[in-house]
Amino acid sequence: MPEYCDVALPVPLDMVFTYRVGTAATPVVGGRVLVPFRQQRLTAIVVDLHDREPSVKTKPILKVLDADPVLDEQLLRLGRWITDYYLAPLGEVFRTMLPLSAEFKRAVAYHIAEEGKMALHLAGTKGSSARSRRNPDEQDAEVRVLDFLAAQELIPGEAVQVREQSLGSATHVSEMILSGMVRKKWLIREDVSDVRDASRTVKIAALTSAEGRLNDNQRKLIETMAAAGGRVPVEALRGLDIPRSTVGTLVKRGLVEIIEEPAAFVVSRSRPRASFEFDFNSAQENALARLRDAVDARKFSGMLLHGVTGSGKTAVYLAGMRSVLEAGRSAILLVPEIGLTPAVAADLHQIFGDEVAILHSALSDKERAQQWHRIKRGDARIVVGTRSAVFAPVADLALIIVDEEHDSSYKQEETPRYHARDVAVMRAKMANAVVVLGSATPSLESYFNAKKNKYVLVELPDRVEQRPLPEVEIIDMRQEFQETGHEQVISRRLAAEIQERIDRKEQVMVLLNRRGYSPVVLCRACGKTLQCRNCAISMTHHKREHKMVCHYCGFTAPVPKVCGDCGSEYVYFLGTGSEKLEELLHGMFPQARIARLDRDTVRGHEDFERTLNALSEGELDLLVGTQMIAKGHDIHGVTLVGVVGADSALGLPDFRAAERTFQLLTQVAGRAGRGQSPGKVVLQTYFQDHYAVQYAARHDFTGFYEKELRFRSWMHYPPYSALANVLIRSDKLDEALQWSGTLGRWFEQSRHEGVRVLGPAPAPISRLKSDYRYHFVLKSPSREKLNSTLRTMLAHATAQKIPRTQVIVDVDALWQMKTSAFSYKQLAIGQIGVCARDYFSPTFPRITTTEAAGKSYGLSFAAVSLL
């Protein structure tokens, strides 16, 4: 048996840790073990077993959790690739790959130390005298804790641990007092976290008797249970308009019994969108044939399925997955958002039955663990889910499909910052499987790769059943203002089109990609806006909830009646969000049945399914929403789509702004006319001549691709170079400036051939969740050189004692603002130096700033390693 094992821990450290196997059962590579780490117990993944004695003293592992690997060799290789490519700690990568947190329960316990016994003795003898002694509140609480713990020691000399929750409830003390007693060395605190049963259960109320006198609420509850056969989930009873205590009273009287039973898992409550049996057109048959041939070859192949909206891409996916299942192999289907998962899962469940598993973040920890184990056992060979489903432990993987591959939701915005599309490509390569990237608006990088023959390009140029693409009408809101004399949220033309569809009993979608009621609260007297206290961002007015909300950190505040700066009562609510748009439409069309779909109305996947099912069943006339309504939904009754603020993203200093706008407009336009009636789209814009708007109106992806690609080539942006963002953050401004200055000087003084470095500069949101933020942007045509530079930079940051958690490296960053566009304010007040010399956009001038003030931190930067 090997004497030592190397493990990856879920901590932000770029290293593995060695533990002694000891007398525990033999661990396995890819399995989990429970180990002590500092003052905690953590689960870790074993990455190596060996007999090499380390140079430092090792601790023994506490428990072997798995007899068989939870990560097979292929998934271990994939995890190491993610670590290498995205520069993420291996342990944090493995934690993301394993949705098994429900199987590990965090717990802390205490026992009394010798110093604590002495303190108790000085306070009085054990027992009653200690309890009767009157001291100030805190001292009295400490004596109660010591007295309670001492009383647990039934065997002299044997320390008895008491869990924090039990200790707190028994002695009525806070965690703060317990922490103080640990610092005094009166108590010893230990992490006693351990594995637990993660099986899901549900509480059932069972009717045992209906005799006796009952009040109205009790009678109503008893009658409801009797009508349901005498057994009702407790959660369902909460929907009745009766006090919660009613159930408890009936339990005490013996009329109702509460039973815990294993919970059934419902893959989807959505109805399947259509019958699977229908005829393919020639383009679909060609796509399916090429997909099947690639799968049968059992070699890696990448395919970009570019089909217009409504061209039947989903049917090709399902037919391909059925072929895989018939061959006894497995497939994974990724969708970008949780909202798309139920509809796709319903389609898959109709075809494949219980062979389908579902994985996404809206499931509880126990539900995710349950689904993961079904996949691991081989009970489910078809997996559908969001980005984390790419790690599903399927056996004999044959096919991975990435639907709406262009969507930014596939990029994780926390460590590890992986892109599920790119991870899917690498996993398929390691498994000799086929990966299909599907979209009506492929990312420029994917289409560029297909044109360079890195992927097979398959086109679906027409909608199914020869249905026409929707007609698009552009409304110039500048002209609308000139003709009406006031600002309009809904143009006259769009209002008339909506009324016409309502009269014809057809359905309408209206997109406004901004939630809340008003995005800005402005004082007309002093000009100040209401800012979040934790972030450099305006708070949003949510009228229905009567509060101001920061959409970044969640901080809330009362709706102001006067200005908090000058006391003026002239507080003005500016702008329109989806909540206000819904209110306006209710006023304009009082007879219409209107619903809203955004993060404020969708608290869970059930809310999303309920609203979309209502729209599909014709129970709604008009649906208002953010980008949640823009992608993937196949509602045949929708014949009109209105887009309010179609060009709002074009004002962002982001080189992808035009691409995002084109994709969003094209996707939402594709929701119209998917049934027998032709569709129409009304785009309201202030920039009707912008090429992104014009090409979207013409459904011309190729034209947009060629024009945007020219701009990218001039600016050396992806796909012509690799890009990374390095963010420095701290809750102290001085630290953020000092650390960014330290790294800035290092970039300036070191040679990084073939790598362009821009920054440091304030991040687009300079303060977020109480952290001050500065960033660098690195570009290079060589990904190897870029990653080498980033690794060397991280090593230098460690040497300079900059905490690893405060240096965030985002490889292939998607939300990448143009650094120098944010430099001028800082330059003016002399806070920080900026090195920036770049073309940023067709509408932005060339900027050449090589040095700036910032002497207090020694910042004197020149443009570094320019291409």
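The values are calculated or read from the model by the stated rules, or taken from the named source; none is laboratory data. Note that the structure is predicted; figures quoted are calculated from it, not measured. Methodologically, a virtual Cβ is constructed for each residue, glycine included, from the backbone with ideal geometry; neighbour enumeration extends over all protein chains shown. Heavy atoms of the whole protein, side chains included, go into the accessibility calculation; ligands, DNA and RNA do not. Shrake-Rupley method; radii C 1.70, N 1.55, O 1.52, S 1.80 Å.
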Distant-in-sequence amide H partners of Val256 (H built 1.01 Å from N, under 5 Å): Thr208, Val251
All aspartates and glutamates inside 13 Å of Lys63 as judged from Cα atoms, apart from same-chain residues fewer than 8 positions distant: Asp194
Long-range HN-HN contacts of Val308 with modeled amide H, under 5 Å: Leu460, Asp462
Accessible area, probe 1.4 Å, largest first, for residues His690, His486: His486, His690
Over 18 Å [Cα-Cα, region 591-728], rounded percent: 62 percent
Whole-angstrom gap from region 754-777 to region 557-603, using each part's C-alpha centre: 32 Å
Mean-position separation - Cα centroids, region 349-374 and region 71-122, in angstrom: 25 Å
Solvent accessible area, Å² - Cys566, 1.4 Å probe, full protein context: 70 Å²
Where trypsin sites (Lys or Arg not before Pro) fall in DSSP loop in region 49-106, at most 12 other Cβ within 10 Å: Arg52, Lys57, Arg106
Set of lysines with alpha-carbon distance to Lys680 below 16 Å, sequence-local pairs under 8 removed: Lys505
For region 527-675, share of DSSP beta bridges that run antiparallel, in % to the nearest 5: 60 percent
Segments 81-92, 505-516, 582-593 sorted - mean Cβ within 10 Å per residue, highest first: 505-516, 81-92, 582-593
FRET E, pair Arg189, Ser408, Förster distance 45 Å, beta-carbon r, rounded to 0.05: 0.55
Dipole magnitude of region 526-609 about its Cα centre (Cβ charges: Lys, Arg +1; Asp, Glu -1), debye to nearest 20: 220 debye
Of all DSSP beta bridges in region 344-482, antiparallel share, percent nearest 5: 10 percent
Heavy atoms of Ser750: accessible area, 1.4 Å probe, square angstrom to 10: 30 Å²
Hz values of 3J(HN,Hα) by residue in region 9-22 - Karplus curve (6.51, -1.76, 1.60), Gly and Pro given as x: 9, x, 10, x, 10, 7, 6, 10, 10, 9, 10, 8, 5, x
Estimated inter-spin distance, Lys454 and Gln499, nm [label 7 Å along Cα→Cβ]: 5.3 nm
